[in-house]
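Here's the structure we're looking at; comments come further down.
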Amino acid sequence: MKNQLVADIFRGIAELLEIKGDNPFRIRAYLRAADTIEAFKDDVEDYSTGGRLQDIPGIGSDLAGKIKEIIDTGKCAHYDELKKAVPVGVVAMLDIPSVGPKTAKLFFDELHIKSQDELKEAAQAGRLLGLPGIKQKTVDNILKGIELLQKGKERMDLLAATAVAGPIISAIEGIKGVSAVSVAGSLRRMKESVRDIDILAASKDPKKVSDSFVGLPQVKRVLAEGETKSSILTKDDAQVDLRVVEPASYGAALLYSTGSKNHNIRLRSIAIKKGLKINEYGVFDKHGRRLVSKTEEDIYRCLGLDFIAPELREDAGEIEAAAAHRLPELIELGDIRGDLHAHTNYSDGKATIEAMAQEALRLGYGYICLTDHSESLKVANGLDLARLKEKRRELDRVNKKFKDLKLLFGSEVEIDSEGNIDYKDSILAGFDVVVAAIHSGFKQSKRQLTKRVIRACKNKFVHVIAHPTGKLWPTREAYDIDLKEVFKVARETNTALEINAHPYRLDLSDALSRQAKDNLVNLVINTDSHAAAHLSYMKFGVGLARRAWLEKGDVLNTLKLAQLLKRIKK
Ligand code: DGT
Ligand code: CA
């Protein structure tokens, strides 16, 4: 389905036209067409083949021609021409959260600013002030936005990192003589973002492995090349470091290269207290004899510690817990029985109800709640009452087809600027699960934002607060909210807080999820999927939950459906 591609190109054209100062009606026509096509349930390609594009509301002959061109060629000549006319750097300025086409044009026209770097310089030098509509606050926001963007480029999100690491790991596994391979570093610890990808392999012929690694088709540049250590930059600009060790010291090397650095430092001091020495080759006694090195388990045991899962290795109390045999029994992906936050093509998801159900079944789930957006979120095609009814009918129809999977009727309802919830009570009462979320007014005061979420918790129809701090990788930071207060009210009102597993969200964060648990708040891990394939993002949420020390019993969607529905009831 090429609907999204068409919508994206149309939005791109609208942006460029705006920078050029083109006719506002034309710009609006592209934007409206983009919205329509994005929300369109059918495949536009079928309409194109059948010559019926102009049957789509808002599509005249000119736009129809462009849609056909995009579908046939994957490109749009008009878009490409526009791109040539507007310097790339000016377009790149639009990536900065507070810079829209109008401001980008202003900076370009008035100050000849053609890139993010030039904009940063001008902002710092105070040259933006005095331009129409530009206040000190605007300048501060621009500088903050640039900083966030640059930080985002320094680190990778987990989705990008796993996409890079997966094929490289498989390729190394396939090299003859390699007896073990693993990711290490922050990616193995499932940190929410990673600077580079560390990989460890075991082989008696390290040179052969290193040579193959630097010769992989993914390589853009070799940064360092050695027999046991090499480093590459991939075509996606990700840095990947490979270390190859002899099989006998694989466990010690894996422990060392998984880190964290602080965890390693603590292990070293424990070893010293026992009169031992630990390094990446093993644990040694005072005569220099190697005691253990093969597996991580052996090494922890030798130090008097229970095995510590990689996600816990942050020197955040795990060493003490391992010594006292009090480590948590961490939740696992296999404990998850369903997902309570996923979108379908009734709002802004890409898949049909049935396709989402098929995928949930494939994942072995017993239930999935389809929570399309509520009426007031127009940009995401929120459902009015008529379309809600239509969705209910379709859900009931699909539900009959599945014996082992129950489709729940849900909604992701808007929390408005005052903390009111979309839909009236009689409608809310009809949902199996209601997930409430903030998608606007992020800049309100801490008091007001906290009040909104608390009012949502107090609403007897709201079961879950979605992505409670609103952060979005890489540019939107968590909004300012008093989570202590939210935890308290969530507990008192039996409202669950979400761990949003989407790799761009991961919200609540690991630290906050751990605090929520300590405050006896119910948690759920949801993917917020907008396509069937996104349901597999659950692994990122479970990784985060493990970093938060959560056990199966701390997460509601590890329960069977009947128990779950009982537990979320208000
Ligand atoms: P990152 O890459 O910033 O996302 O985080 P890490 O943890 O992957 O850090 P990185 O890539 O610098 O180092 C990989 C592992 O190597 C790290 O987790 C632990 C180990 N390591 C690095 N530097 C030191 C060190 O100075 N001392 C000790 N004991 N271990 C270190
Ligand atoms: Ca690393």
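Of the cross-linked pairs LYS208/LYS277; LYS261/LYS552; LYS350/LYS378; LYS517/LYS552, which ones have a Cα-Cα span greater than 19 Å in the structure shown? If you can, show how the numbers build up before the last one.
Values: LYS208/LYS277 31 Å; LYS261/LYS552 28 Å; LYS350/LYS378 16 Å; LYS517/LYS552 12 Å.
Listed pairs above 19 Å: LYS208/LYS277; LYS261/LYS552.
Rounded to 0.05, the FRET efficiency of the ALA429 and ASP236 pair, given R0 = 45 Å and the Cβ-Cβ distance, is 0.40.
Counting Lys and Arg as +1 and Asp and Glu as -1, what is the net charge of the other residues whose Cβ lies under 10 Å from the Cβ of GLU418? Kindly include the intermediate steps, with their values, before the conclusion.
Working: positive: LYS451, ARG452, ARG455; negative: ASP416.
Taking every other residue near GLU418 into account, the sum is +2.
Here LYS137 is the anchor, and the lysines within straight C-alpha reach of less than 27 Å, apart from those fewer than 8 places off in the same chain, are LYS20, LYS102, LYS105, LYS114, LYS120, LYS151, LYS153, LYS443, LYS446, LYS451, LYS471.
From helices alone, the chain scores -13000 deg cm²/dmol at 222 nm; the rule is -39500 (n - 2.57) for each run of n ≥ 4 DSSP H residues, then divide by the residue total.
Give the shape of the stretch 3-153 as rounded, prolate or oblate, defined through the alpha-carbon gyration tensor: a ≥ b ≥ c are the square roots of its eigenvalues, a/c under 1.5 means rounded, and otherwise the shape is prolate if a/b is larger than b/c and oblate if not.
On the way: a/c = 2.63, a/b = 2.40, b/c = 1.09.
Judged from the Cα gyration tensor, the stretch 3-153 comes out prolate (a/c at least 1.5, a/b above b/c).
How much accessible area per residue does the chain have, in Å², with a 1.4 Å probe?
On the way: 26220 Å² over 570 residues.
So the chain comes to 46 Å² accessible per residue, rounded to a whole number.
Sorted from longest to shortest, the spans of the Cα atoms of the stretch 107-239 along the three principal axes equal 66, 27, 19 Å.
Would you mind classifying the stretch 352-442 by shape? Square roots of the alpha carbon gyration tensor eigenvalues, ordered a ≥ b ≥ c; an a/c under 1.5 is rounded, otherwise it is prolate if a/b is larger than b/c and oblate if not.
Working: a/c = 2.25, a/b = 1.87, b/c = 1.20.
Prolate is the answer for the stretch 352-442, as a/c is 1.5 or above and a/b outweighs b/c.
Below 8 Å between Cα atoms, with a sequence gap of 6+, how large is the relative contact order for the stretch 333-568 in percent?
Values: 509 pairs, mean separation 47.2, N = 236.
It rounds to 20 percent for the stretch 333-568.
Partners of LYS294 within straight-line reach, counting aspartates and glutamates whose Cα lies under 17 Å from its Cα and excluding those fewer than 8 residues away in the same chain: GLU246, GLU280, ASP285, ASP306.
Classify the stretch 255-313 as rounded, prolate or oblate, taking a ≥ b ≥ c as the square roots of the eigenvalues of its Cα gyration tensor: rounded when a/c is under 1.5, otherwise prolate if a/b is larger than b/c and oblate if not. Write down the numbers at each step before the final one.
On the way: a/c = 1.72, a/b = 1.51, b/c = 1.14.
Verdict is prolate for the stretch 255-313.
Note on ARG476/LYS207: beta-carbon distance plugged into 1/(1 + (r/R0)^6) with R0 of 56 Å gives a FRET efficiency of 0.75. Projecting label points 7 angstrom from Cα along Cα→Cβ for ARG290 and ASP55 puts them 7.2 nm apart.
If you add up the charges near VAL464, with Lys and Arg at +1 and Asp and Glu at -1, over every other residue whose beta carbon is less than 12 angstrom from its beta carbon, what do you get? Write down the numbers at each step before the final one.
Details: positive: ARG567, LYS570; negative: ASP339, GLU412, ASP432, GLU498, ASP528.
Neighbour charge sum, excluding VAL464 itself: -3.
For the chain, with all protein chains in place and a probe radius of 1.4 Å, 51% of the accessible heavy-atom surface sits on carbon or sulfur.
When DSSP assigns beta bridges and you keep just the ones with both residues in the stretch 156-245, what percent turn out antiparallel, to the nearest 5?
On the way: 17 of 23 bridges.
Close to 75 percent.
Label-to-label distance for GLN136 and VAL379 is 2.9 nm, based on points extended 7 Å past Cα in the beta-carbon direction. Scaled against the 2.2 N^0.38 Å expected of a compact globular protein of N residues, the Cα radius of gyration of the chain reads 1.08. Taking a sphere under 14 Å around the Cβ of LEU148 and counting the other residues whose Cβ falls inside, with K and R at +1 and D and E at -1, yields a net charge of +1.
The values are calculated or read from the model by the stated rules, or taken from the named source; none is laboratory data. Everything numeric in this text was worked out from a predicted model, so none of it was measured. Positions of Cβ are generated from backbone atoms using ideal geometry, with glycine treated the same way; all protein chains shown enter the neighbour counts. With ligands, DNA and RNA removed, areas are computed over all heavy atoms of the protein, side chains included. Shrake-Rupley method; radii C 1.70, N 1.55, O 1.52, S 1.80 Å.
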